[in-house]
1. Checking Leu120 against (1) out of contact with any strand residue (DSSP E or B) (no Cβ under 7 Å at 6 or more places or on another chain); (2) among the aliphatic types (A, V, I, L, M); (3) in contact (Cβ under 8 Å) with a residue 40 or more places away in the chain, which test does it fail?
2. Every residue in segment 123-152 that is in a loop (DSSP other than H, G, I, E, B), touching a residue at least 60 places away in the same chain (Cβ under 8 Å) and open to solvent by less than 60 Å² (accessible area, probe 1.4 Å), please.
3. Can you report the number of residues in segment 79-117 which are among the charged types (D, E, K, R) and either in contact with a strand residue (DSSP E or B) (Cβ under 9 Å, 6 or more places away or on another chain) or open to solvent by less than 40 Å² (accessible area, probe 1.4 Å) (or both)?
4. Give me the residue from segment 167-182 that is open to solvent by 60 Å² or more (accessible area, probe 1.4 Å) and among the acidic types (Asp, Glu) and, out of that set, farthest from Lys84 (Cα to Cα).
5. Give me the residue from segment 153-166 that is of a type outside the set (A, V, I, L, M) and open to solvent by less than 30 Å² (accessible area, probe 1.4 Å) and, out of that set, nearest to the chain's Cα centre (by Cα).
Amino acid sequence: MQHPGMAHVQSSTSPMMTPPLSYEEMAARGIAGISISQKPAVNAYGTSSSATISPSPASPAPGSHQYGSLNGAVAGGLRRAPTKKDSMKVKVHYNEAIINLMVPKMASYETLRAKISAKLASAMDEEQPSRSALRIQYLDEDGEAVLMTDEDDFELAKAYAGGDMSTPETNVVERLELWCST
């Protein structure tokens, strides 16, 4: 399963390839996380119409408000940083902050929990939250917040982020987004 708002392009078995959908087509089908407004633009060949693309609001944190972009930065102008070969980037929403950390792709739930706890303590200049106090959530296929409590939940969270649950070795992802509270 993929995260809501992510486009999926299915490969064709025929020799002819289907051209990719335009942003307008993706938005019309509800599979793009963008909003489109038509604005007249003048180019060297005369007046024409062009689409201005802006990012949609970021995924809302479970049980709280939506996060916006920083300083009006447009997602199209930012590049994704590559991840280390055997690492997974974990984006953690905590209160008003977003914290990134790297964990091994084959990390256990306990390793993930420990790394998140240590990073929150370091980044927020607070005491490390106790095991029972730290609540970690992910979004399921319906966009609902699910509490992560064990290894099974961690495997499901990776599957919703694009992993393959057929075996633990194939259920690896490069990026995972989580919401934490204490």
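The values are calculated or read from the model by the stated rules, or taken from the named source; none is laboratory data. Note that the structure is predicted; figures quoted are calculated from it, not measured. Every residue, glycine as well, gets a Cβ built from its backbone with ideal geometry; the counts of neighbours run over all protein chains shown. Calculation scope for accessible area: heavy atoms of the full protein, side chains included, ligands and nucleic acids excluded. Shrake-Rupley method; radii C 1.70, N 1.55, O 1.52, S 1.80 Å.
1. So the condition that Leu120 fails would be (1).
2. Passing the criteria: only Gly143.
3. So the count comes out to 8.
4. Within segment 167-182, the match that is farthest from Lys84 (Cα to Cα) is Glu169.
5. Lys158
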